[in-house]
Amino acid sequence: MVATVDAPPRGERTLPPTAPVVRRRRKPTRAGRIDWSGYLFLIPWYGGMLLTIIPFGASLYLAFTDYNLLNAPVFVGFENFAEMLSDPRVGQSLIVTFVYTFVSVPLSLVAALGVAMALNQGLRGLSFYRAIYYLPSLLGSSVAIVMLWRELFGTRGVVNTALGWLGIDGPAWVSDPDTALSVLIMLNIWTFGSPMVIFLAALRQVPAMYYEAAAVDGATKWWQFRYITVPLISPIIFFNLVLSIIGSLQTFTQGYVMSNGSGGPAGSTLFFNLNLYIEGFGRFNMGYASALAWLLLLIIAALTAVNFIAQKHWVFYEDAEER
């Protein structure tokens, strides 16, 4: 039997069979693309970070050993950490470091913010003044500046000479245990240029309409500063605070140069990092010095964590509700 196909009625058009639909992949839009060029620039940084794992792990191992740089390290467990509890130099160095940090950091940030607000008033030659105030932060931790600072506050230095003109008998700033640390605190306050530049950039981003609206409502300058300036730049305050605390806890050069490496007079400039250096490279207690380094790391991590927890109560973010 031959199969027959019915022909379409006269007057109707036949349609060709539909072809399969081929869907083309859309090219990702510019907004959805991943820009890998940024990761290429990060490769050296990641490479350096990976290389630090070796000394990082070595110091952790040495912290549990008795090692004097000459003989092979001997594992002693937690003896180095237990020795810290009875070492008076550790307690003295912690006191000096904490006093230096918790006194100089707030004063430095206040000075930096005050100068930044003054420079933000449309002052002519802003770039010149910004560079002048920023310069000490580049030189403050250098050996030459610390030596110059020591000469300024020497027994017959410029400071005591100026006080003598006023009929004031100045103290022996550097050699007196009661004033030696104060000299270094003043040096740290003097180097406020780095946070000042960051504060200045933040102040220039605060919209002027907020101040105009507050002035119309009768708000004084203080109220504008308290309820507009501080909340809007609080993330920058927090940023400078964390970096300043971390940097102050690691202070070494100032104390070493001011005391000729001894931490004197009477341990008044014995910073924790300086004590660590003396133990490792002065007394060759490298295992004990490694344990001190890990203690400092834990202290910095703990204070940083406290700052991040506390910032939830005083740092204002404009997109906080979206989060």
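The values are calculated or read from the model by the stated rules, or taken from the named source; none is laboratory data. Keep in mind the model is a prediction, meaning the values are calculated, not measured. Because the Cβ atoms are built from the backbone with ideal geometry, glycine has one as well, and the counts that use them run over all protein chains shown.
A few remarks follow.
- Scanning the range 246-281 for residues that are among the small types (Gly, Ala, Ser) and closer than 21 Å to residue 76 by Cα yields a total of 1.
- Residue check for residue 13: modelled with pLDDT under 60 and assigned to a loop (DSSP other than H, G, I, E, B): yes
- Test: residue 263 is in contact with a Ser or Thr (Cβ under 7 Å, 6 or more places away or on another chain), in contact (Cβ under 8 Å) with a residue 60 or more places away in the chain, at positive phi and not aliphatic (A, V, I, L, M): yes
- Unmet requirement for residue 204, which otherwise passes all of (1) over 30 Å from residue 279 (Cβ atoms); (2) over 25 Å from the mean Cα position of the chain (by Cα): (2)
- Here the range 60-94 is the region considered, the condition is being surrounded by 15 or more Cβ atoms within 10 Å (Cβ to Cβ) and aliphatic (A, V, I, L, M), and the residue that is nearest to residue 243 (Cα to Cα) is 94.
- Residue that is farthest from residue 180 (Cα to Cα), among those in the range 119-132 that are part of a helix (DSSP H, G or I) and in contact (Cβ under 8 Å) with a residue 12 or more places away in the chain: 119
- Of all residues in the range 82-100, one or more are under 25 Å from the mean Cα position of the chain (by Cα), in a helix (DSSP H, G or I), more than 20 Å from residue 285 (Cβ to Cβ) and without any contact (Cβ under 8 Å) to a residue 12 or more places away in the chain.
- Those residues of the range 58-81 which are assigned to a loop (DSSP other than H, G, I, E, B), small (Gly, Ala, Ser) and free of Cβ contacts under 8 Å to residues at least 12 places away in the same chain, in sequence order: 72
- Annotation for the range 34-42: no member residue is closer than 30 Å to residue 188 by Cβ and part of a helix (DSSP H, G or I).
Here is a yes/no grid of residues against (1) within 30 Å of residue 198 (Cα to Cα); (2) out of contact with any Asp or Glu (no Cβ under 7 Å at 6 or more places or on another chain); (3) of a type in the set (A, V, I, L, M):
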| residue | (1), (2), (3) |
| --- | --- |
| 47 | yes, yes, no |
| 52 | yes, yes, no |
| 78 | no, yes, no |
| 91 | no, yes, no |
| 110 | yes, yes, yes |
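- Within the range 133-188, being without any contact (Cβ under 8 Å) to a residue 24 or more places away in the chain, hydroxyl-bearing (Ser, Thr, Tyr) and not in a loop (DSSP other than H, G, I, E, B) holds for 161, 182.
- When residue 206 is tested against (1) closer than 30 Å to residue 127 by Cα; (2) in a helix (DSSP H, G or I), just one condition goes unmet, and that condition is (2).
- When residue 167 is tested against (1) of a type in the set (Gly, Ala, Ser); (2) more than 22 Å from residue 247 (Cβ to Cβ); (3) touching a Ser or Thr at 6+ places or on another chain (Cβ under 6 Å), only condition (3) is not met.
- Residue selected from the range 67-85 under the condition polar (S, T, N, Q) and touching a helix residue (DSSP H, G or I) at 6+ places or on another chain (Cβ under 9 Å), by the criterion modelled with the lowest pLDDT: 68
- Total residues in the range 154-192, condition buried (at least 20 other Cβ atoms within 10 Å of the Cβ) and either farther than 22 Å from residue 137 by Cα or of a type in the set (S, T, N, Q) (or both): 3
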